[in-house]
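For reference, the structure discussed in these notes is given below.
The values are calculated or read from the model by the stated rules, or taken from the named source; none is laboratory data. It should be emphasised that the depicted structure is a prediction, and the values quoted were computed from it without experimental measurement. Using ideal geometry, Cβ is built from the backbone for each residue, glycine included, and neighbour counts are taken over all protein chains shown. The protein model used for the area step is the full one, side chains on, heavy atoms only, and it has no ligands, DNA or RNA in it. Shrake-Rupley method; radii C 1.70, N 1.55, O 1.52, S 1.80 Å.
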Amino acid sequence: MTTPRKRMTPALRRAQLIEIGSALFAERPYEDVWIEEVADLAGVSRGLMYHYFPSKREFFVEIVRAESERNLGLTAPDTSLPVFEQIAAGLDAYISYTDEHAHGVRAVNRGTLLGDPLINEILTREFDVQQQRILAALPTTLQDDETVRTALRGWIAFVRAVCLDWVERRTLDREQVRALCLRALSGLLEV
């Protein structure tokens with residue numbers, strides 16, 4: 001069913017389209033989402049949809065960018081907490097985000113666009129921000145330690161892989177996923 005057309009500023013319209021797309025990609029894999037459906041739900045023509053996003057790929061890239069920013073916002077550390085508690089709170093937020101956006105997480109990590117340079121750039125930036133957040137909370141003596149930097153980068157990739165496996169197979173419960181990730185970090189940093 002087509003939603004009645006509503007006038008919006010270009011910025012609001014673009015945000016609306018990204019929000020609709022995010023919801024659809026959270027429910028279904030990339031291949032199962034159609035631009036026409038997004039346009040119908042937004043109450044706009046397919047032509048207007050393509051005015052904002054010249055292709056489905058570019059639309060998806062913008063959704064990944066928006067979701068990455070949302071994820072970074074949700075996992076922002078509370079710097080008043082001790083380092084391990086900061087990381088645990090960020091991990092909890094990431095696990096919740098992964099659970100609530102399982103299809104979108106799958107689409108980015110296993111879907112058609114895996115390896116896309118623009119998506120890789122967004123994900124690399126997200127890794128960098130997460131790594132810098134953790135490093136900033138550590139004692140100064142560890143911040144420049146290349147072994148620690150590499151271990152943190154590996155831990156972030158590990159968390160991503162564990163959460164992806166969790167949403168695909170559901171063989172562990174949320175608390176087991178959390179405990180596994182925190183044990184891995186503890187072992188890496190010898191906390």
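Among Val38, Val64, which is buried (at least 16 other Cβ atoms within 10 Å of the Cβ), of a type in the set (Val, Ile, Thr), assigned to a helix (DSSP H, G or I) and within 17 Å of the chain's Cα centre (by Cα)?
So the residue among Val38, Val64 that is buried (at least 16 other Cβ atoms within 10 Å of the Cβ), of a type in the set (Val, Ile, Thr), assigned to a helix (DSSP H, G or I) and within 17 Å of the chain's Cα centre (by Cα) is Val64.
For every residue, the table says whether it meets (1) at pLDDT 95 or above; (2) open to solvent by 20 Å² or more (accessible area, probe 1.4 Å).
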| residue | (1), (2) |
| --- | --- |
| Glu69 | no, yes |
| Ile95 | yes, no |
| Ile134 | no, no |
| Thr147 | no, yes |
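Check Gly111, Gly104 and return the single one that is at pLDDT below 80, surrounded by 18 or more Cβ atoms within 10 Å (Cβ to Cβ) and farther than 17 Å from Arg70 by Cβ.
Details: Gly104 fails: farther than 17 Å from Arg70 by Cβ.
Matching residue, one of Gly111, Gly104: Gly111.
Residues in the stretch 26-33: is at least one among the basic types (Lys, Arg), under 24 Å from the mean Cα position of the chain (by Cα), at pLDDT below 95 and farther than 24 Å from Ala157 by Cβ?
For the stretch 26-33, residues among the basic types (Lys, Arg), under 24 Å from the mean Cα position of the chain (by Cα), at pLDDT below 95 and farther than 24 Å from Ala157 by Cβ: present.
Only one of Val105, Val129, Val162 is part of a helix (DSSP H, G or I) and touching a residue at least 60 places away in the same chain (Cβ under 8 Å); which? Steps first, answer last, please.
Values: Val129 fails: touching a residue at least 60 places away in the same chain (Cβ under 8 Å); Val162 fails: touching a residue at least 60 places away in the same chain (Cβ under 8 Å).
Among Val105, Val129, Val162, only Val105 is part of a helix (DSSP H, G or I) and touching a residue at least 60 places away in the same chain (Cβ under 8 Å).
Which of the residues that make up the stretch 8-35 are touching a Leu at 6+ places or on another chain (Cβ under 6 Å) and part of a helix (DSSP H, G or I)? Break it down stepwise before answering.
First pass over the stretch 8-35, keeping only residues touching a Leu at 6+ places or on another chain (Cβ under 6 Å): 20, 33.
Hit for the stretch 8-35 is Ile20, nothing else.
Conditions (1) under 30 Å from Phe158 (Cβ atoms); (2) among the polar types (S, T, N, Q), marked per residue:
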site: Glu19; (1), (2): no, no
site: Phe53; (1), (2): no, no
site: Glu62; (1), (2): yes, no
site: Thr75; (1), (2): yes, yes
site: Leu81; (1), (2): yes, no
site: Tyr94; (1), (2): yes, no
site: Val105; (1), (2): yes, no
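Restricting to the stretch 149-191, and then to whatever is modelled with pLDDT under 95 and among the polar types (S, T, N, Q), can you tell me which residue is farthest from the chain's Cα centre (by Cα)?
Among residues in the stretch 149-191 that are modelled with pLDDT under 95 and among the polar types (S, T, N, Q), the one farthest from the chain's Cα centre (by Cα) is Ser186.
Would you check which residues across the stretch 1-35 are open to solvent by 20 Å² or more (accessible area, probe 1.4 Å), of a type in the set (Lys, Arg) and within 16 Å of Ala66 (Cα to Cα) and list them?
Residue satisfying the conditions is Arg14 alone.
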